[in-house]
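What follows is a set of notes on a single structure, which appears directly below.
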Amino acid sequence: MGPVDAIVVMGVSGCGKTSVGRHLADLLGWPFLEGDAFHPPENVAKMAAGIPLADEDRWGWLDTIAARLALARTEGQPVVVSCSALKRRYRDRLRAQAPNVLFVHLTGDRATILERMAHRTGHYMPVSLLDSQLADLEPPGADERALACDIGPAPEAIAAQLAAAVAV
């Protein structure tokens, strides 16, 4: 796989990016950054109102995350970040600042993700936006450095599998 100094746990809302990312960071002994924390208030307000974000809404957010990836690389501190990274051009923007990034794409069927979103509390992303995220999703291509992981197992089990793959 080659050296990895950043892992972006990606996928649609409700797939478990934060849970898997936190467990993975703990197992690797790396810091974890919650990508949602970098959204400007305008983005959060739009999503909370059930309005999907456009590319223009995401660029600043992605640039902030890319800057954090670049800083981690400069400081020699590997990092795990949760970020939807739904489109290839979004991943390209992140990869430009973190060439040794590994994308972990959490995958699952719509019904499972919908059920998870319906049972979440305290998150601004309404269930109504899942279909727009699924429509925007461009799974990583064979030429991208990425692993796909099914969300069926517990987050701890997914993280353990990923930690073992990164250590190879």
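Share of carbon and sulfur in the accessible area of region 1-156 stands at 54%, probe radius 1.4 Å.
Here is the size of region 45-84 from its Cα atoms: Rg then Dmax, 13.1, 39 Å. For the chain, the 222 nm mean residue ellipticity estimated from helices alone, with every DSSP H stretch of n ≥ 4 adding -39500 (n - 2.57) and the total spread over all residues, rounds to -14000 deg cm²/dmol.
In the context of the full set of protein chains, region 42-111 has a per residue accessible area of 43 Å² (1.4 Å probe). Starting from one equal scatterer on each C-alpha and no solvent at all, send me the Debye-based log10 I(q)/I(0) for region 1-86 at q = 0.18, 0.23 Å⁻¹, two decimals. Debye output, listed in q order: -0.79, -1.17.
For a test of the definition: using alpha carbon positions, the gyration tensor, and the 1.5 limit on a/c, classify region 63-167 as rounded, prolate or oblate. Don't jump to the answer; show the numbers that get you there.
Details: a/c = 1.71, a/b = 1.44, b/c = 1.18.
Taking the square roots of the gyration eigenvalues as a ≥ b ≥ c, region 63-167 is prolate.
Taking 0.36 nm per residue of separation and subtracting the Cα-Cα distance, full extension of the segment from ASP55 to ALA157 would add 33.4 nm. Calculated FRET efficiency, ASP150 to THR64, Cβ-Cβ distance, R0 = 45 Å: about 0.95 to the nearest 0.05.
The values are calculated or read from the model by the stated rules, or taken from the named source; none is laboratory data. Quantities reported herein were computed from a predicted structural model and do not represent experimental measurements. Backbone-built Cβ (ideal geometry, glycine too); neighbour counts: all protein chains shown. Accessible surface is based on the protein model in full, side chains and every heavy atom, while ligands, DNA and RNA are left aside. Shrake-Rupley method; radii C 1.70, N 1.55, O 1.52, S 1.80 Å.
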